[in-house]
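One structure below.
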Amino acid sequence: MILWILVANFVTKVLSCGYPGSPAHSTVTFNTETVQTGTVATYRCEPGFDLLGPIRRLCVENGTWIPIGIPVCVMNVAAGKAAMQSSIFSKGVPQKAVDGTTSRTYGADTCTLTEVEDAPWWYVNLLEPFLVQLVRVDFGRSCCANGVPATVIVRVGNSRPDLSNNPVCNRFTGKIEEGRPLFFPCTSTVTGAFVSVHVETPAPFTLSICEAFVYTDQVVPVEQCPDFDQEAATVATYNGKCYLFYSNNPRTLDSATKFCALQGGSLIHDTSPALQGFLSWELYKRHRKNQGSDYWNGVIRKPGMRDWKWIDGKDVTISFWSQPPKESNCSKFDGKNGWLWSDTECTNEMNYICEHRPVTCSKPERPVNSTLLIRASTVGSTIEYQCNPGHLLLGPPTRTCQPTGFYGEFAPKCSYLECGFPANIPNGGYSLVNGTKHFQSIVQYFCLDSYILVGQSELMCDADRKWDGPPPRCDPLLCHNPPTIAHGNVTVTVNTTVPGTTAEYECENNFKMIGEAVISCDSTGFWTSKPPTCELDKEKLYNARIEGKHKRNRASIAARLNMGGIIALGIFGGFVFLAVIISIVVIIVRRNSHTQDSLDSLSTYESQGSREKLYQRQLWPGHPGSLHPGVLPPPSEDPDHRKDRREPSTSAQYHHRHHQHGSSHRDSDISLETTASTPRWCKKHEKRSGY
């Protein structure tokens, strides 16, 4: 098996750091135009937020940022809020833990102090529920003696904090050191208006806190609230709303209502215990030295009516009257009565509070190795998150700026994913596109020459860290069967049409080939050229006709010659046959004549030379010498004739004797026939017998 892996792009190189990540309410600046090894990222928070974590981070050669961890921009929502503790010793009131000052050593002017107790506690009322992310506590007294550890528990919730029923944000067990802060990041998402600190020690202990910080980034900074140049106002935010406190230009209720409406807001027209506490606290902070200032409240009633309504017509379901209302039909926040409600005349002029919605959202969180697309940050606009190559976006890809000044949902995360090396395939290989195998990387498979890829040629690294399909395979590349041609045949060298196979064409008789007679299957699976064609060869056909005519002429002449030969041969054969017949007839005639002469000579010889035996020649019918049966002709008196008859007797006797000795003379048969046909007398039996 041949393995081909292209790793030309997969070389060792200096990795580039991606975006280092930034928290909400922050900006990041770099000392280089492009992020590279040695680039320094510097973090800054928006006004009102504190940066917790490293201010600067460095990009190193392995493509990471140091120190590890992204800082956070958070706001201390406990500052200036109402606080309580289990007991007070000397001047160590609980409010000193949220006065905005801290110390590394105990100071009576800035630290709280309880009496010696078994389980002392302290808490702060945030006035509204917050998503608490981190609590920091700066202790003013150490604990405990002889190295005995103490247990510190931080709780966040909406129940009475002194009952220890709220969820635990975090806890610490160990030595408490004076001036040394302890950080309690909440291990789970906890939301509440009360944050409490509980200390458990083996022996009674006096609790001292120089400063407590409750951090969250889920707060609307005043920078997101509308800013109007016409009137000077102080701004505070609560539960996603902006409250503008106007204290320098008193107005009547009707005038204040119209002014807030013209600015896109409204006079206070709702309440709750938390909102009442927030407003009372904000008014207290602004007028702690001049508590005689009053502010319009949006609760009114019609003349002669007892039921109070909000200026928008809604019923008042909950109220915070400092005393039962009298005859007046309007209400105010009474500074002399702890900013609770009191009735007043509607024509009076006093300060007022306009309620507004945020007009923008603050800078959103941007995760590590991500890109953030922000077209606008106004309410209703949408931002979009994208992750760098190789990272999977975990969370919503888009977020919308809500009327509360927060972006909907939580920011996503970008998680780096990487697949293993792709599977090898026989007779082929693969190439890592861009030399990477991380999330959404592409691997491209290929086959060697004379092979074809079957399956997906490209696979992608998926979110499960696996390639998104099985690898393909490389099958031998085959050409289609060679096309047939009219008036011709095609012959393939082998049974398959693999590359290198040749197809040879030939035409039928009287057709000529136009094109290449041999084509080949190339490495791409196609024949090297088009098949030839067979066209009628008119010239050859004409020549064939002429030659056929000549052949027919020659055949006719040959046929006539053959017929003459046959006739001549027949005539010659007839003569030969006739000659044979004539010869046979002549031989037969001569034989018959010669045999008759021999018999006549033999009869005369024996009648004269021997008297012991009597031979009576019997002539056969039709013999020329037969005159009558049983009658012998009389001997001739012509001496010449007898002489002639005696001459052949010697021959007849010779032939008779030769026959008795087994001679093969040609006349022996005749002699035997003559002898056998000669009758004789047997003396013993006195009857005629014959051989």
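The values are calculated or read from the model by the stated rules, or taken from the named source; none is laboratory data. The structure displayed is predicted, hence computed values, not measured ones. Please note: Cβ atoms are built from the backbone with ideal geometry, for glycine as well, and neighbour counts cover all protein chains shown. We work out accessible area using only protein heavy atoms, side chains counted, and drop any ligands, DNA or RNA first. Shrake-Rupley method; radii C 1.70, N 1.55, O 1.52, S 1.80 Å.
Please list 3J(HN,Hα) in residue order for segment 57-69, calculated via the Karplus relation 6.51 cos²θ - 1.76 cosθ + 1.60 where θ = phi - 60°; whole Hz, with x for glycine and proline.
3J(HN,Hα) across segment 57-69, in whole Hz: 9, 10, 7, 10, 5, 7, x, 10, 9, 10, x, 6, x.
Tell me which residues come under 5 Å, amide H to amide H, from Ile452 once H is placed; ignore anything under 5 positions away on its chain.
Long-range HN contacts for Ile452: Asp475, Leu477.
Quick one: what are the phi-derived ³J(HN,Hα) couplings along segment 578-592, Karplus 6.51/-1.76/1.60 with θ = phi - 60°, whole Hz, x for glycine and proline?
3J(HN,Hα) across segment 578-592, in whole Hz: 5, 5, 5, 4, 5, 4, 4, 5, 4, 4, 4, 4, 5, 4, 4.
If you take the square roots of the eigenvalues of the alpha-carbon gyration tensor of segment 26-175 and sort them as a ≥ b ≥ c, do you get rounded (a/c under 1.5), prolate (a/b over b/c) or oblate?
Prolate, since a/c reaches 1.5 and a/b exceeds b/c.
Taking 60 Å as R0, compute the FRET efficiency from the Cβ-Cβ separation of Thr524 and Thr189 and round it to 0.05.
0.45
Amide H of Tyr407: which non-local residues (sequence gap of 5 or more, or other chain) have their own amide H closer than 5 Å, using H built in the peptide plane?
Distant-sequence amide H within range of Tyr407: Gln402.
Once ligands and nucleic acids are excluded and a 1.4 Å probe is used, how much of His480 is accessible, expressed in Å² to the nearest 10?
150
Take Phe184, Phe446 and sort them by solvent-accessible surface of the protein heavy atoms, 1.4 Å probe, largest at the top.
Heavy-atom accessible area, descending, gives Phe446, Phe184.
Can you give me the solvent accessible area of Ile587 with a 1.4 Å probe, rounded to the nearest 10 Å²?
90
Leaving out ligands, DNA and RNA, and with a 1.4 Å probe, what % of the accessible surface on segment 104-240 is carbon or sulfur?
Carbon and sulfur together cover 47 percent of it.
Between Ala568 and Glu547, what's the calculated FRET efficiency when r is the beta-carbon distance and R0 is 22 Å? Round to 0.05.
Between Ala568 and Glu547 the formula returns 0.10.
What FRET efficiency, computed as 1/(1 + (r/R0)^6) with R0 = 56 Å and r the Cβ-Cβ distance, is obtained for Thr533 and Gln444, rounded to the nearest 0.05?
FRET efficiency, Thr533 to Gln444: 0.85.
List the residues whose amide H sits under 5 Å from the amide H of Ile176, counting only those 5 or more places along or on another chain, with H placed 1.01 Å from N in the peptide plane.
The list, which skips near neighbours in sequence, is Cys143, Cys144, Ala150.
From the phi of every residue in segment 140-146, what ³J(HN,Hα) in whole Hz does the Karplus formula 6.51 cos²θ - 1.76 cosθ + 1.60 yield, where θ is phi - 60° and glycine or proline is x?
x, 9, 7, 7, 10, 5, 6
List the trypsin sites (Lys or Arg not before Pro) in segment 327-381 that DSSP assigns to loop (not H, G, I, E or B) and whose Cβ has at most 15 other Cβ atoms within 10 Å. Which are they?
Sparse-neighbourhood loop trypsin sites (Lys or Arg not before Pro): Arg375.
Compare Val60, Val518, Val74 by solvent-accessible area with a 1.4 Å probe and give them largest first, with all protein chains kept in place.
Val518, Val60, Val74
Arrange the residues Met305, Met75 by how much accessible surface each exposes, largest first, with a 1.4 angstrom probe.
The ordering from most to least exposed comes out as Met305, Met75.
So which of Lys81/Lys302; Lys530/Lys551; Lys309/Lys363; Lys96/Lys289; Lys175/Lys413 end up more than 29 Å apart by C-alpha?
From the list (Lys81/Lys302; Lys530/Lys551; Lys309/Lys363; Lys96/Lys289; Lys175/Lys413), the Cα-Cα distance tops 29 Å for Lys81/Lys302; Lys530/Lys551; Lys309/Lys363; Lys175/Lys413.
Taking a probe of 1.4 angstrom, what is the accessible area of Arg288 in Å², to the nearest 10?
Ignoring ligands and nucleic acids, Arg288 comes out at about 130 Å².
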